[in-house]
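Trainee: Pasting a structure here, questions to come.
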Amino acid sequence: MAKLSYESLSDSSRIWIYRSDRLLSAEETLKVDNWLNQFTEKWTAHNQSLKAFGQVYHSKFIVILLDEESSNQASGCSIDSQVRFIKDIGAALNIDFFDRLHFDFLIDNSIITIHKNKVLSKIEEGILSEESLVLDHLVKSKMQFEHAWSVPLSQSWHRRLI
């Protein structure tokens, strides 16, 4: 099967976003995109192909989309295989994709990563504000990814944790 395009997936496609604890080099990004292509082409649930797409965004985030509307749905085992795949990438590149203690902000078209315990001090220093855009890696669909991945801190679930 040829690699699917992002555009070919329905707006309701399910999404998983894994954040890296560091920026990937250009070489690493190409390598991961290649691995993602191989994984999504072979990804199955109960021996049925899944219509999936994966790509690295901003040299930091692995994004995997699954079009459950026009193909099969993910199963527990298929999701487990995805998590193992991401852990394998992390082990191969010495990257942690499961750190949940840092928040990612989009400032001047750059990703700024800040430990959740330091966000309040960054607001006090004037580096961040309630209107700073924070990336919500818990979006559930392609549509949300496109329209609500970055939201003002004041409107995000992140605000409750700082």
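Trainee: In nm, give the distance between the simple-model label positions of Glu131 and Glu146, each being 7 Å from the Cα along the Cα-to-Cβ direction.
Mentor: Result: 2.7 nm between the two label points.
Trainee: Give me log10 I(q)/I(0) at q = 0.10, 0.11, 0.13, 0.14 Å⁻¹ for the chain, Debye formula, one equal scatterer per alpha-carbon, no solvent.
Mentor: Once normalised to I(0) and log-transformed, intensities are -0.39, -0.47, -0.65, -0.75.
Trainee: If you find the alpha carbon centre of region 104-162 and of region 1-55, how far apart are they in angstrom?
Mentor: 24
Trainee: Right, something else. On a straight-distance basis, which lysines could pair with Lys60 in a cross-link, Cα separation under 21 angstrom, same-chain partners fewer than 8 positions away excluded?
Mentor: Qualifying lysines at Cα under 21 Å: Lys31, Lys87, Lys116, Lys118, Lys140, Lys142.
Trainee: Under 20 Å from a label point 7 Å along Cα→Cβ of Gln38: give me every residue in region 72-92 with its amide N that close.
Mentor: 78-92
Trainee: Just to check I understand the Karplus step: with θ = phi - 60° and J = 6.51 cos²θ - 1.76 cosθ + 1.60, what whole-Hz values come out for region 139-144, glycine and proline as x?
Mentor: Computed from phi, the couplings for region 139-144 are 4, 9, 9, 4, 4, 5 Hz.
Trainee: What's the ranking of 130-138, 112-120 by average number of surrounding C-beta atoms within 10 Å, highest first?
Mentor: In decreasing order of mean packing, 130-138, 112-120 become 130-138, 112-120.
Trainee: Hey, another quick one. Considering amide H positions built from the backbone, and no H for Pro or chain starts, which residues 5 or more places from Asp136, or on another chain, come under 5 Å of its amide H?
Mentor: Answer set, sorted by chain and number: Ser150, Val151.
Trainee: Using only the alpha-carbon atoms, how far is helix 76-93 inclined from the longest principal axis of the chain? Give it as 0 to 90 degrees, nearest 10.
Mentor: 60
Trainee: Run the reach check for Lys42 against aspartates and glutamates, Cα to Cα strictly under 15 Å, same-chain hits fewer than 8 apart removed. What comes back?
Mentor: Answer for Lys42, where 15 Å is the Cα cut-off: Asp33, Asp67, Asp80, listed by chain and number.
Taken together, the values in this text are just the output of simple stated rules run on the coordinates, not laboratory data. Everything numeric in this text was worked out from a predicted model, so none of it was measured. Note that we place each Cβ from the backbone using ideal geometry, even for glycine, and neighbour counts take in every protein chain shown.
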